[in-house]
1. Do you know which residues across the stretch 43-62 are without any contact (Cβ under 8 Å) to a residue 40 or more places away in the chain and charged (D, E, K, R)?
2. Quick check on my filter: what residues within the stretch 131-166 are farther than 30 Å from N217 by Cα and assigned to a loop (DSSP other than H, G, I, E, B)?
3. Please determine, by comparing only the residues of the stretch 250-267 that are in a loop (DSSP other than H, G, I, E, B) and surrounded by 12 or more Cβ atoms within 10 Å (Cβ to Cβ), which one is nearest to the chain's Cα centre (by Cα).
4. Contact list please: Cβ distance under 6 Å, first residue in the stretch 96-123 and over 13 Å from V48 (Cα atoms), second residue assigned to a helix (DSSP H, G or I) and basic (K, R), pairs at least six apart or on different chains.
5. Taking only the stretch 99-133 into account, find how many residues are within 25 Å of V158 (Cβ to Cβ), under 26 Å from the mean Cα position of the chain (by Cα) and of a type in the set (A, V, I, L, M).
6. Any residue at all in the stretch 13-22 that's within 29 Å of Q157 (Cα to Cα) and not hydrophobic (A, V, I, L, M, F, W, C)?
7. Would you confirm whether any residue within the stretch 279-293 is closer than 27 Å to E175 by Cβ, modelled with pLDDT of 90 or more and surrounded by 14 or more Cβ atoms within 10 Å (Cβ to Cβ)?
Amino acid sequence: MIILDSLDKISDRKTPIVLTVGNFDGVHLGHQELLKSLKTNSGQKSLVATFDPHPVEYFDVNKKFRKLFSTGDQNKQMEALGVDYLLRIKFDQHVATMSYEQFLLQFTNQFNVQRIVIGHDLKIGKDRVGDRFSIQAWCQKAGINFEVIEPLDVDGQVISSTYIKTLVEDNKFSEVPKFLGRPYSINGLVVHGDKRGRLIGFPTANLTCHRSLYVPNFGVYQTRTLWKNSKFDSITNVGKTPTFKTDDLVKIETHIFDFDTEIYDDEITVEFLKFIRLERKFSGIDEIKSQISLDIASLGRKHQP
């Protein structure tokens, strides 16, 4: 898969292109159905156009919008699904005021776009008037094949990134894979922390979350950590470490069981399996150690310092 920030970087102007546009936050099962439908033969190439930042984030003056997954995770999911070109369009005032016709002409004027596939709820262009009906009419005039992927539902519930966030908010992690196609997770590079975990006998692999990334409720979770090609049982604290509060950053601190390898700057993925308790402030180190031991015991494990 080739990741681009400009159409000018695609040199092949003749190969038949199947185009789709969307945000694809999480690349859930509904998104996957759409992406798998892009190429109907080996002579075509798929071009996925998405936006950075997310349009909702761009217009959100209160900065409350949070993406379900990171850009890096989205790249991995797209590549695994066989996408040929992933175009990350900088969403700014110029793009926000562009008509949907102007937006689509960027592609059709430069490439051999033979088919456009969209999700049922896509709305693009100024004032979001580029919906399934107007885009279909535009494609008919342009002589381009057009297809809409209807919503996918599970047990009567339409799959959406918003609904998956609701499941995470409600700590229903066992339900997430039915809609997402995999456990809810957070991934990133392991950074140096303050080493307090190691000092009290519970060393942690620490991730720092970007402010635009959605995170679960602040608390302690049963997790599974993926590192390289291995999986490990683990326990994770999400929050701002109120007992030792030194900044306002949200931290993901994971104690990996039966693991003593230095993995700083390595990428890990932390899969969330079960909520244990909310984060709280403790009176001191002894109370923290006691509570962590209880948290670990709740998973049927005994702490081995």
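1. Hits for the stretch 43-62 are D52, D60.
2. D131, G143, I144, E150
3. V250
4. Filtered contacts from the stretch 96-123: T97/K126; S99/K126.
5. Within the stretch 99-133, residues that are within 25 Å of V158 (Cβ to Cβ), under 26 Å from the mean Cα position of the chain (by Cα) and of a type in the set (A, V, I, L, M) number 5.
6. Within the stretch 13-22, one or more residues are within 29 Å of Q157 (Cα to Cα) and not hydrophobic (A, V, I, L, M, F, W, C).
7. No: the stretch 279-293 contains no residue that is closer than 27 Å to E175 by Cβ, modelled with pLDDT of 90 or more and surrounded by 14 or more Cβ atoms within 10 Å (Cβ to Cβ).
Residue by residue, here is whether (1) under 30 Å from L213 (Cβ atoms); (2) without any contact (Cβ under 8 Å) to a residue 40 or more places away in the chain; (3) exposed (fewer than 13 other Cβ atoms within 10 Å of the Cβ); (4) aromatic (F, W, Y) holds:
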residue: K126; (1), (2), (3), (4): yes, yes, no, no
residue: R132; (1), (2), (3), (4): yes, yes, no, no
residue: W138; (1), (2), (3), (4): no, yes, no, yes
residue: K141; (1), (2), (3), (4): no, yes, yes, no
residue: E147; (1), (2), (3), (4): no, no, no, no
residue: D155; (1), (2), (3), (4): yes, yes, yes, no
residue: T162; (1), (2), (3), (4): yes, yes, yes, no
residue: F173; (1), (2), (3), (4): yes, no, no, yes
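The values are calculated or read from the model by the stated rules, or taken from the named source; none is laboratory data. Nothing here was measured: the structure is a model prediction, and the numbers come from that model. We place every Cβ from the backbone using ideal geometry, glycine too, and count neighbours over all the protein chains shown.
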